[in-house]
Amino acid sequence: MKHLLKMQDLSKQELYELLDLAATLKAEQKAGIRHPLLKGKTLGMIFQKSSTRTRVSFEVGMSQLGGTALFLSSRDLQIGRGEPVQDTARVLSRYLDGIMIRTFAQQEVEDLAKYGSIPIINGLTDYCHPCQVLADLLTIREHKGRLEGLKLCYIGDGNNMANSLIVGGLLAGMSVSIATPQDYRPAPQALEFAKGYGDQFLLTDQPEQAAKGAAVIFTDVWASMGQEDEAELRKKAFVGYQINDRLLANCAPDVMVQHCLPAHRGEEITAEVFEAHADEIFDEAENRLHAQKAVLVKTMA
Ligand code: CP
Ligand code: NVA
């Protein structure tokens, strides 16, 4: 695997290989076994947006694998002053062994990969969040014992999380149902991908219909990073798209709840549902570390 730019870049086999490696690395970590698979290697981490989980889990992951991580804020880099990504890619390729980038445009990540000569890992763009969805699939498999044939539901904004869950869920052999308001649908590329999966995929504006019989239900914030100005407008548009006890009554009785975090209690999820499913949600956050270590090993070792 050369890069991880988006979920569509993975085959089903590559996806399962990543999940299996993540599970192995997690078990070894818990048993106190460490393999310095990235000894002497340096990962640059470019952040054009805020982060708690992504930053810390990548940095800790590199350290546990024997390597080093450099935090590179766009506030300090020349890229933040307009130096082209094509040049940044070629310069950083001379120093680093890999780059993790969190930014706005997916094209910037694709360009880093095109012009650079080292592995590029997408740490979130407006289009997708593949590292998060790998952690999500790992968590579901741990809790449910399998992915194939399970129903995954997502309620809320058709954003980066929705796009990656559509592709990742379908690729893993799950059925995927998404409920968003008409004006906030997932990206065309994700819907195009889903076309190949027939009735394994459902897109609706009815949360109850999407949630029916779901084994796992996801949501995410109504206003993503970069959309802060639209927050009030979005609060009105997303009324009815909340994970609460009434919506959960439509799901399978043992439904899991997942949230990539940060969460806005009282908006996309009630405080009651969040706390009742906190163990699952924080397992999901922990699994960012294990899933990303698998990505780092597959791309950089
Ligand atoms: N879920 C996630 O990516 O969290 P951060 O924004 O804190 O990295
Ligand atoms: N959709 C959210 C995810 C944060 C991890 C955002 O892009 O801000």
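The values are calculated or read from the model by the stated rules, or taken from the named source; none is laboratory data. Note that the structure is predicted; figures quoted are calculated from it, not measured. Methodologically, a virtual Cβ is constructed for each residue, glycine included, from the backbone with ideal geometry; neighbour enumeration extends over all protein chains shown. Areas reflect the complete protein model, heavy atoms only, side chains present, ligands, DNA and RNA absent. Shrake-Rupley method; radii C 1.70, N 1.55, O 1.52, S 1.80 Å.
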Query - Pairs with Cβ under 6 Å, 6+ apart, first in the range 178-206 and polar (S, T, N, Q), second open to solvent by 40 Å² or more (accessible area, probe 1.4 Å) - result: GLN182/ASP205
Query raised in the report: All but one of (1) assigned to a helix (DSSP H, G or I); (2) more than 16 Å from ligand 2 (Cβ to nearest atom) hold for MET161; which doesn't?
Result: (2)
Query raised in the report: Within the range 148-158, can one find any residue that is within 15 Å of ligand 1 (Cβ to nearest atom), open to solvent by 10 Å² or more (accessible area, probe 1.4 Å) and at positive phi?
Result: no
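Taking the condition of being in a loop (DSSP other than H, G, I, E, B), open to solvent by less than 60 Å² (accessible area, probe 1.4 Å) and polar (S, T, N, Q), how many residues in the range 47-59 meet it?
Step one: filter the range 47-59 for residues in a loop (DSSP other than H, G, I, E, B), giving 48-52.
So of that shortlist, the ones also open to solvent by less than 60 Å² (accessible area, probe 1.4 Å) come out as 48-49, 51.
Subsequent filtering for residues that are polar (S, T, N, Q) retains 48, 51.
Looking only at that region, the number is 2.
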Report task. Using the structure shown, decide if MET300 is away from ligand 1 (no atom under 16 Å from the Cβ) and within 17 Å of LEU138 (Cβ to Cβ). Result -> no
Requested in this report: Kindly list the number of the only condition in (1) among the basic types (Lys, Arg); (2) farther than 23 Å from MET161 by Cα; (3) free of Cβ contacts under 8 Å to residues at least 40 places away in the same chain that fails for ARG55.
Outcome: (2)
Query raised in the report: Of the residues that sit in the range 210-230 and are within 16 Å of ligand 1 (Cβ to nearest atom) and either of a type in the set (Gly, Ala, Ser) or without any contact (Cβ under 8 Å) to a residue 60 or more places away in the chain (or both), which one is surrounded by the most Cβ atoms within 10 Å (Cβ to Cβ)?
Result: ALA223
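For every residue, the table says whether it meets (1) touching a helix residue (DSSP H, G or I) at 6+ places or on another chain (Cβ under 6 Å); (2) farther than 18 Å from THR125 by Cβ.
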| residue | (1), (2) |
| --- | --- |
| THR42 | no, yes |
| PHE47 | no, no |
| SER51 | no, no |
| VAL56 | no, yes |
| GLY61 | yes, yes |
| GLN64 | no, yes |
| LEU72 | no, no |
| GLU83 | no, yes |
| ARG94 | no, yes |
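Taking the condition touching a residue at least 60 places away in the same chain (Cβ under 8 Å) and of a type outside the set (Lys, Arg), does SER74 pass? Even if it seems obvious, please write down each step before you answer.
Details: touching a residue at least 60 places away in the same chain (Cβ under 8 Å): no; of a type outside the set (Lys, Arg): yes.
Answer is no for this residue.
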Query raised in the report: Scanning for something in contact (Cβ under 8 Å) with a residue 12 or more places away in the chain, open to solvent by less than 50 Å² (accessible area, probe 1.4 Å) and among the basic types (Lys, Arg), does the range 28-40 turn up at least one residue?
Result: no
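Could you tell me which of the residues GLY67, GLY82 is without any contact (Cβ under 8 Å) to a residue 24 or more places away in the chain and open to solvent by less than 70 Å² (accessible area, probe 1.4 Å)?
Working: GLY67 fails: without any contact (Cβ under 8 Å) to a residue 24 or more places away in the chain.
It is GLY82.
Here is a check on your reading of the model: is GLY196 open to solvent by 50 Å² or more (accessible area, probe 1.4 Å) and under 21 Å from the mean Cα position of the chain (by Cα)? So that I can check it myself, show each step before the final result.
Values: open to solvent by 50 Å² or more (accessible area, probe 1.4 Å): yes; under 21 Å from the mean Cα position of the chain (by Cα): no.
Judged against the criteria, GLY196 is not a match.
Suppose we filter MET62, MET100 for residues that are part of a helix (DSSP H, G or I), open to solvent by less than 60 Å² (accessible area, probe 1.4 Å), at pLDDT 95 or above and aliphatic (A, V, I, L, M); which single one remains?
Working: MET100 fails: part of a helix (DSSP H, G or I).
Every option except MET62 fails the conditions.
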**Report entry** Complete set of residues in the range 231-266 that are surrounded by 19 or more Cβ atoms within 10 Å (Cβ to Cβ), without any contact (Cβ under 8 Å) to a residue 60 or more places away in the chain and within 16 Å of ligand 1 (Cβ to nearest atom)
**Finding:** VAL257, HIS259
Requested in this report: Can you tell me which residue within the range 221-252, out of those that are within 16 Å of ligand 2 (Cβ to nearest atom) and of a type in the set (Gly, Ala, Ser), is farthest from the chain's Cα centre (by Cα)?
Outcome: ALA237
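Just give me the residues in the range 103-131 being assigned to a helix (DSSP H, G or I), open to solvent by less than 10 Å² (accessible area, probe 1.4 Å) and in contact with a Lys or Arg (Cβ under 7 Å, 6 or more places away or on another chain), in sequence order.
Pass one, the range 103-131, residues assigned to a helix (DSSP H, G or I): 106-115, 130-131.
From what's left, open to solvent by less than 10 Å² (accessible area, probe 1.4 Å): 109, 112, 130-131.
If the condition is that a residue be assigned to a helix (DSSP H, G or I), open to solvent by less than 10 Å² (accessible area, probe 1.4 Å) and in contact with a Lys or Arg (Cβ under 7 Å, 6 or more places away or on another chain), then PRO130, CYS131 are the ones that fit.
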